[in-house]
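Here's the structure, in structure tokens; my notes come after.
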Amino acid sequence: MSDNPYASPVATPAAIPTVDDGASIDGVPFASQNRRLVNFLVDNVMVQIVAGGVAGVIGEAFVETSGGQITQDEVATLQLMGMVVGLGVVVFYFVLLEATLGVTIGKMLTGTRVVDAGGGKASFGKIVGRTFARLIPFEPLSFLFGDKTTGWHDSLSGTRVVHTRAVRR
């Protein structure tokens with residue numbers, strides 16, 4: 001038992017496997033750093049496509065309603081709206097796909113899946129926490145230090161990404 005009043009009553013450090021103690025949950029291996037990189041790249045491209053489409057529609061509607069002429073202040077407003085739309089798309093993309101399917105487009109391509117630290121289906125709350133932890137500045141660099149298969153968004157939310165197409169012996 002920990003003296004930390006904020007520690008989770010369920011997930012204890014001993015219950016969360018790391019690369020050093022087998023790199024798997026119930027025989028299902030953690031996704032490799034390379035698979036995680038492909039997930040990151042594919043999912044970021046998907047988010048950019050969706051956000052660009054949504055922002056384009058909003059921008060076009062904004063220009064049409066202003067009579068085709070926009071001021072510098074309106075340009076600043078559009079830029080701010082673009083950032084808000086981008087953040088909204090990131091949250092929507094990851095929460096919707098990971099909470100309902102357990103995978104994103106990138107994870108589908110690489111045969112990986114999000115699970116909780118015990119190997120079960122990650123709860124909606126864990127997925128939301130995981131998604132917001134992705135917004136930590138420099139979070140993608142967390143894979144370069146320590147456990148190379150677990151990022152801050154995994155460890156902070158008590159989730160892991162496992163390779164579901166791995167060969168079982």
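The values are calculated or read from the model by the stated rules, or taken from the named source; none is laboratory data. All values derive from a computational prediction rather than experimental measurement. All Cβ positions, even for glycine, are placed from backbone atoms using ideal geometry, and neighbour counts span all protein chains on display. Side chains included, ligands, DNA and RNA excluded: accessible areas come from the protein's heavy atoms. Shrake-Rupley method; radii C 1.70, N 1.55, O 1.52, S 1.80 Å.
How would you rank 147-155, 116-124, highest first, on the average number of other Cβ atoms within 10 Å across their residues?
My ranking of the peptides, most packed first, is 147-155, 116-124.
Taking the Cα atoms of the range 55-169 alone, what are Rg (to one decimal) and Dmax (as a whole number) in Å?
Using the Cα atoms of the range 55-169, the pair Rg, Dmax is 18.7, 66 Å.
Given 37 °C and 0.692 mPa s, compute D for the range 32-76 with the Stokes-Einstein relation, Rh being the Kirkwood radius over Cα pairs; round to the nearest whole µm²/s.
258
When the accessible area of the range 21-169 is computed with all protein chains present and a 1.4 Å probe, what percentage of it is carbon and sulfur?
68
Can you list, bin by bin at 5 Å, the percent of alpha carbon pairs in the range 52-117, starting at 0?
For the range 52-117, the pair-distance distribution reads 3, 15, 18, 16, 11, 10, 9, 8, 6, 3, 0.
Just to confirm a number: summing +1 for Lys and Arg and -1 for Asp and Glu over residues other than L156 whose beta-carbon lies under 11 angstrom from that of L156, what do you get?
+1
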